[in-house]
Amino acid sequence: MASTQKEQPNITTERPPIIVVMGHIDHGKSTLLDYIRKTNVVAGEAGGITQHLSAYEVVHKDQKGVNKHITFLDTPGHEAFSAMRARGAKVADIAILVVSAEDGIKAQTLEALSAIKESKIPFIVAINKIDKPSANIEKTRNELAEKEIYTEGYGGDIPCVPISAKTGLGVPELLDMMLLVAEIAELKANLNLPAEGVVAEAHVDPKRGISATLIITNGTLKKGMCVVAGDAYAPVRAISDHTGALIEEATFSSPVRITGFSKIPAVGSSFKTASSAKSARVLIDVHCSSLAPVSPNTVVQTDVVIPLVIKADVLGTLEAIEKELAKVTHEKICWKIIQQGVGDITENDIKSASGSPDTIVLGFRVRIDDNAASLAEKLKIPVETFAIIYNITDYIEKVIKERAPKERVEESTGKIKILRVFSKAKDKQVLGGKVLEGMIATGSSIKIVRRDTEIGKGKVLELQQQKIKTNEVKEGLEFGTMIESKMEIAVGDVIEPFISVIR
Ligand code: GDP
């Protein structure tokens with residue numbers, strides 16, 4: 001890292017990019033990650049790679065010949081749409097969307113694309129397997145354009161690099177492109193801050209205890225500090241880098257392994273560091289007190305619950321679905337998973353769903369068997385199957401909207417300032433005013449607002465402009481009006497016409 005700047009406080013330094021590789025299964029994500037690891041990782045002093053962390057760091061010369069670091073999240077390919085990848089996109093600064101030049105765009109390519117777009121990070125398309133005789137780069141780029149992924153030269157500016165993850169052809173150019181995109185993204189961090197970042201992986205070692213791979217996104221991690229991730233913490237006694245070598249300190253964007261956590265930290269959660277165990281406890285307290293309202297499943301004061309039975313093709317997906325669903329919240333309605341499992345939707349699932357009213361059965365990349373389908377029809381239990389996670393959340397959002405208790409709310413259609421009071425007789429007042437916003441119409445119900453507080457209600461009986469009766473007056477214009485209200489309206493009051501809507 002740029003150690004020359006270390007002595008200067010509060011100075012931000014260029015931060016190496018953290019890269020996530022995404023794409024459809026079998027399009028070559030693991031092959032690409034393996035190739036880059038094998039050809040670019042600088043082995044540590046410990047003598048080569050002794051452990052496989054879920055992230056690694058490489059050094060690549062940029063186009064000016066300067067050595068630059070790049071960190072890769074090394075998540076296994078079969079976890080393509082697992083929780084780690086969903087979270088991975090958030091840790092990462094840049095995504096590589098791997099698309100096979102043989103097969104073109106597939107379901108998970110699009111799913112990966114939605115995840116990338118959602119996390120709002122820049123991405124590079126890597127068209128892979130170009131060494132294969134049936135590879136067709138042009139066709140793939142056209143297909144990408146059809147899906148609104150406009151690459152350079154094909155109607156847009158998304159960088160696109162043809163590669164062979166197997167032979168390495170084009171991989172140096174892909175690495176160049178990563179550095180270029182990183183430069184544009186202007187990734188910065190401060191060496192003088194205590195380290196913070198994300199937990200990439202955690203596991204229990206029977207001999208050494210709980211260890212975790214952390215990716216530092218800012219600051220410096222030193223021995224003697226205390227790492228806090230959620231309600232788990234670990235005193236930093238030893239830091240090992242991604243090659244297994246023991247190091248004294250580490251900075252962004254390095255992956256490191258720390259052992260000795262008090263409990264297993266959640267993968268994908270963020271971590272902070274404290275200078276001592278005592279201040280670590282303060283961080284944990286803050287974390288715990290902020291915990292309560294996050295999960296919709298823990299919201300008890302909501303009025304309506306939507307019970308869900310979820311079946312998915314693999315375990316990792318269930319976790320990913322739950323995580324996505326956790327983002328769907330509503331103040332009056334929540335969902336609750338009453339049962340979940342792996343495999344097709346069976347009669348048993350429908351039976352479980354029939355136990356509580358209003359249950360919905362959701363399937364992800366699974367089928368519903370015939371008996372289950374007819375039972376669901378008989379019991380009128382909705383069963384929906386999906387191939388894209390985000391369609392599930394869209395669907396649940398729609399259901400929540402439909403099922404949320406309806407409320408009558410008053411929606412203001414304008415704002416009027418009262419400039420003059422002409423006369424008062426019983427409940428009827430003749431006034432002059434100006435439309436500041438929106439409009440006012442004869443027959444409108446109104447709120448009377450004085451110093452931002454509603455003081456009464458009324459109704460517009462008549463409107464006049466230049467002494468001519470009119471049905472409505474638009475923004476910016478002055479008018480005379482007769483208003484019915486028990487409240488005496490004064491100069492300077494604001495009148496807000498409103499309509500009642502059911503939401
Ligand atoms: P993942 O599921 O996306 O991680 O895909 P893998 O990396 O496991 O690759 C799937 C298959 O495609 C493996 O058999 C790889 O050897 C093969 N493969 C990946 N990249 C290339 C490539 O560039 N050229 C060729 N010929 N085969 C490749």
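The values are calculated or read from the model by the stated rules, or taken from the named source; none is laboratory data. If you're wondering where the values come from, they're calculated on a predicted model, not measured in any experiment. Counting neighbours? That spans all protein chains shown, and the Cβs are built from the backbone with ideal geometry, glycine included. What goes into the accessible areas is simple: the full protein's heavy atoms, side chains included, and nothing from ligands, DNA or RNA. Shrake-Rupley method; radii C 1.70, N 1.55, O 1.52, S 1.80 Å.
Below, the figures for the structure above:
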{"item": "Ranked packing of 259-271, 393-405, most packed first, by mean Cβ within 10 Å", "result": "259-271, 393-405"}
{"item": "For the chain, calculated [θ]222 nm from helices alone, where every DSSP H run of n ≥ 4 adds -39500 (n - 2.57)", "result": "-7000 deg cm²/dmol"}
{"item": "Per residue solvent-accessible surface (Å²) - segment 123-208, probe of 1.4 Å", "result": "52 Å²"}
{"item": "Packing rank of 221-232, 55-66, 315-326, where each peptide gets the mean count of other beta carbons within 10 Å, highest leading", "result": "221-232, 315-326, 55-66"}
{"item": "Other-chain or far-sequence residues with amide H under 5 Å of residue 436's (modelled H)", "result": "415, 416, 417, 476"}
{"item": "Amide N proximity, segment 450-467 versus residue 420 label position 7 Å along Cα-to-Cβ, cut-off under 19 Å", "result": "461-467"}
{"item": "Estimated D of the chain in µm² per second, where Rh is the Kirkwood radius over Cα pairs and Stokes-Einstein applies at 20 °C, 1.002 mPa s", "result": "79 µm²/s"}
{"item": "Part-to-part distance (alpha-carbon centres) for segment 199-278 and segment 115-133, which is given in Å", "result": "30 Å"}
{"item": "Cross-link partners of residue 457 among lysines (Cα-Cα below 18 Å; sequence separation of 8 or more within a chain)", "result": "415, 417, 424, 426, 428, 447, 486"}
{"item": "Helix 29-40 vs. the chain, principal-axis angle (Cα, 0 to 90°, nearest 10)", "result": "50 degrees"}
{"item": "Packing-based ranking, highest mean first, of 358-370, 91-103, 424-436 given that Cβ atoms within 10 Å are counted", "result": "91-103, 358-370, 424-436"}
{"item": "Carbon and sulfur %, accessible surface of segment 117-259 computed with the full protein complex present, 1.4 Å", "result": "51 percent"}
{"item": "Long-range tail of P(r) for segment 345-408 (Cα pairs > 13 Å, %)", "result": "64 percent"}
{"item": "Sequence-separation-based contact order of the chain, relative, with Cα cut under 8 Å and 6+ spacing, percent", "result": "11 percent"}
{"item": "Cβ-based charge dipole, segment 375-503, positive-most Cα from 409, 422, 395", "result": "422"}
{"item": "Backbone HN-Hα couplings from phi across segment 422-435 [Karplus 6.51/-1.76/1.60, Hz, Gly and Pro as x]", "result": "8, 7, 9, 9, 6, 8, 9, 10, 9, 9, x, x, 9, 7"}
